[in-house]
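Notes follow the structure.
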Amino acid sequence: MFEQFRFRHLPALFTAAAQCWGTIWPILSGSTRSVMLHYGLDERVADVPETWVVWHVGNARTACLGILMFIFYFQRRYDVLDIFLIVSGGYLGLADCYLLWIEGLGSMGVFRLLSSSVFAVLGAAGFTQGARS
């Protein structure tokens, strides 16, 4: 099943798993509130049950991206995985940074931006694909 695995695939596999985790964690933990707090949202947002459905709907769509990444991985479409890394690392890093910044969590937002940028750079370098011949 994983005979094609190489260590250079880890960033893409990590990203795919992380995107799926957001929909699984609230089910396992039994608390959407705790997940939202862990993400960095303020209690004034996490304590409102009406926000939870929006959280779940958004995470379900994000999980679809993670599932697609796993599908492309098993199809050995490493070029597509690098594109996912570029887009998700770039866009989601910016979105997280902005949203956390306006919530007063600037340092957490900057950390997310910098860490996700590493994945975007790896994707842009074709890291998952490896050396092109």
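The values are calculated or read from the model by the stated rules, or taken from the named source; none is laboratory data. Quick caveat: nothing in here was measured; it's all calculated off a predicted structure. Glycine gets a Cβ as well: all are built from the backbone with ideal geometry, and neighbour counts include every protein chain shown. Quick note on the areas: whole protein, heavy atoms, side chains included, nothing else; ligands and nucleic acids left out. Shrake-Rupley method; radii C 1.70, N 1.55, O 1.52, S 1.80 Å.
Screening TYR73 with (1) farther than 22 Å from GLU3 by Cα; (2) modelled with pLDDT of 95 or more gives one miss only, at (1).
I'd like the full set of residues that are part of a helix (DSSP H, G or I) and either touching a His at 6+ places or on another chain (Cβ under 9 Å) or open to solvent by 70 Å² or more (accessible area, probe 1.4 Å) (or both), limited to region 71-85.
ILE71, TYR73, PHE74, TYR78, LEU81, ILE83
Only a single criterion out of (1) open to solvent by 90 Å² or more (accessible area, probe 1.4 Å); (2) assigned to a helix (DSSP H, G or I) is not satisfied by ALA131, namely (2). Could you list all residues from region 89-105 that are open to solvent by less than 50 Å² (accessible area, probe 1.4 Å) and in contact with a helix residue (DSSP H, G or I) (Cβ under 7 Å, 6 or more places away or on another chain)? Hits for region 89-105 are GLY89, GLY90, GLY93, ASP96, CYS97, LEU100.
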